[in-house]
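Engineer: I have a structure I would like to understand better, so I am pasting it below and will then ask my questions one at a time.
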Amino acid sequence: MSLSIRWTARALSRVAEMADFLAERSPGAAARFVNDLFDRAGVLADNPRIGHAFHRAPNDNVRVFYFDKTRVYYVIDEATAEVIVMTVQHGRQRPLSLEGALADSNE
C-alpha cells in the first residue's frame, strides 16, 4: 500500500530558503534542486522505511532520509497512511536536536 506524503509548513519553508540561497548563484540549479528533492522524496510513499531511525528519537518513528547533501526528517503515520515530512536541512548545518526535528509535526 502506498502512503501519501504531506509536507509541513516548516519543511516547505526550509525548502524555499534553500532554493532562495541557490537561486542567488543559479536560478536553474535552484529549480532543479526543488524538483529533484520532491521527486526523490516521492520514493517514501512506497518505501517509508528507506531512511534510518533518527538516533536522538526515543523510537524509530522519526526517520532521516538523505537526498544529496540534504537531510529530510519525517515520521510515518500509519493511522493516517501518511509520511509527514517535518523539515529539511543542508548537510553543512549542525544536525537538529530532537525538539527541532519534531517541531510543527502536527501541522
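What follows is calculated from the coordinates using simple rules that are stated; it is not laboratory data. These numbers come from a predicted model, not from an experiment. Glycine also receives a Cβ, built like all others from the backbone with ideal geometry; neighbour counts cover every protein chain displayed.
Engineer: Return Met18, Met86 ranked ascending by Cβ neighbour count within 10 Å, so the fewest neighbours appear first.
Structural biologist: Met18, Met86
Engineer: Further, regarding this structure: Which ordering of Phe38, Phe67, Phe33 is given by a fewest-first count of other beta-carbon atoms within 10 Å?
Structural biologist: Starting with the residue having the fewest Cβ neighbours, the order is Phe38, Phe67, Phe33.
Engineer: Right, another one. Just want the ordering: Thr8, Thr87, Thr80, from fewest to most Cβ atoms lying within 10 Å of their own Cβ.
Structural biologist: The order, fewest Cβ neighbours first, is Thr80, Thr8, Thr87.
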